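The values are calculated or read from the model by the stated rules, or taken from the named source; none is laboratory data. Just so it is clear, the structure is predicted and the values come from calculations on it, not from any experiment. Here the Cβ is made from the backbone with ideal geometry for all residues, glycine too, and neighbour counts use every protein chain on show.
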Amino acid sequence: MAYSFQTFTLNQVLTAAQMNQVEVNIRDHRHNVSGVASIQEGDLAAAAVDQSSLKTTTASGTTSVPSTGTTVSLTGGTYSWWTGAGGAASGIDNFVVWGNGDAAAGILGLVNADVANDGESIDFYRDERYIQASPPYTHGPLFVFLMLDASGNIVNIEVAPDPPWAYHGPTNITPEVTIDGKPCRRVALYDGKTMLEVLKERTLLDAVLDGSEVPVEELREITLAYKDSDMNVVPHHWVYNRPEYFTGRTVVMLEPGTALMDKLYTILKESHAHDVRDLINASYLTFDNSPILLPTQPQGVQVIKATWRKV
């Protein structure tokens, strides 16, 4: 059955055939079938997409900002809203400013501007709300990343229901269409390379811009493995820092999918990631020193088990 425009009148009794046709029309619109007009921005009435219509979630983090500065990748990438505040150290002029070079989109560059504090680090606290488009993942439903110093003290915390590689890195994992119940995305390839790869090859870029190299569209299924394509490109939120930032420090991910992590995820859903972060800061959790090996995990990140500290 092909697309067919339908009109109805008040109190009209709909036949089974008409209802089937409506279903076909909706499906063809959703799949952007050739010849079927897609919904344009002008077709939407004012406030048709309101706050409650957006699928959003929360993230929260604490980042230690040394005198040399640091960067932190927002979990939601460029589709996020956030508030931030700088913590106090022992000096009287302690504050955090933006900077640390030309940080990429969706990444905050922070500089410790506390000149009266002899280089002592200052904490930067961030609460984030972002548009969520990609769960589920191989791991989850909650991702908690910590940076620990040599004594096992927490330096940085990041809490979110999405990993940092989901909305960073070269691979776009957001589905565009659904084919036979499977989420898919159209990818334009130039000589077998994506546009991001083309931008790194001047000769191929010249060919694309002068029209001698034309794109070939490929439909890719968004599988769990595909969602992890950039796991080792952005394995954690602090990956864009200089090597000296990691001296004497270890990046860990709390073992996902445990009963405790699932309960903490419930807190995030019903409240905010900020509350999960506060529980960690308040030492309600203890951490095992023995790393766990998962079938797939980000390079340079140790996986450890967390346990609830009972009163």
Practice task
Report yes if some residue within region 226-248 is without any contact (Cβ under 8 Å) to a residue 60 or more places away in the chain, touching a Leu at 6+ places or on another chain (Cβ under 8 Å) and not polar (S, T, N, Q); otherwise report no.
Solution key: no
Exercise for the section: Name the residue, out of Thr258, Thr171, Thr178, Thr194, that is out of contact with any Leu (no Cβ under 8 Å at 6 or more places or on another chain), exposed (fewer than 14 other Cβ atoms within 10 Å of the Cβ) and of a type in the set (Ser, Thr, Tyr). Expected result: Thr178
Practice task
With respect to Pro291, determine if the residue is under 29 Å from Tyr240 (Cβ atoms) and either surrounded by fewer than 17 Cβ atoms within 10 Å (Cβ to Cβ) or not assigned by TED's automatic domain parsing to the domain that holds Gly152 (or both).
Solution key: yes
Exercise for the section: Please specify each residue of region 53-67 satisfying the condition of being modelled with pLDDT of 80 or more and either aromatic (Phe, Trp, Tyr) or more than 16 Å from the chain's Cα centre (by Cα) (or both). Expected result: Thr62, Thr63, Ser64, Val65, Pro66
Handout entry: Filter result for Val233 (surrounded by 14 or more Cβ atoms within 10 Å (Cβ to Cβ) and not in a helix (DSSP H, G or I))
Key = yes
Handout entry: Single match in Arg185, Arg129 (criterion: assigned to a strand (DSSP E or B), among the basic types (Lys, Arg) and outside the structural domain of Leu254 (by TED's automatic domain parsing))
Key = Arg185
Completion exercise
Flagged in region 194-217 as within 22 Å of Pro175 (Cβ to Cβ) and under 24 Å from the mean Cα position of the chain (by Cα), in numbering order, are Thr194, Met195, Leu196, Glu197
Practice task
Please verify whether region 208-225 includes one or more residues that are within 23 Å of Glu128 (Cβ to Cβ) and either assigned to a loop (DSSP other than H, G, I, E, B) or hydrophobic (A, V, I, L, M, F, W, C) (or both).
Solution key: no
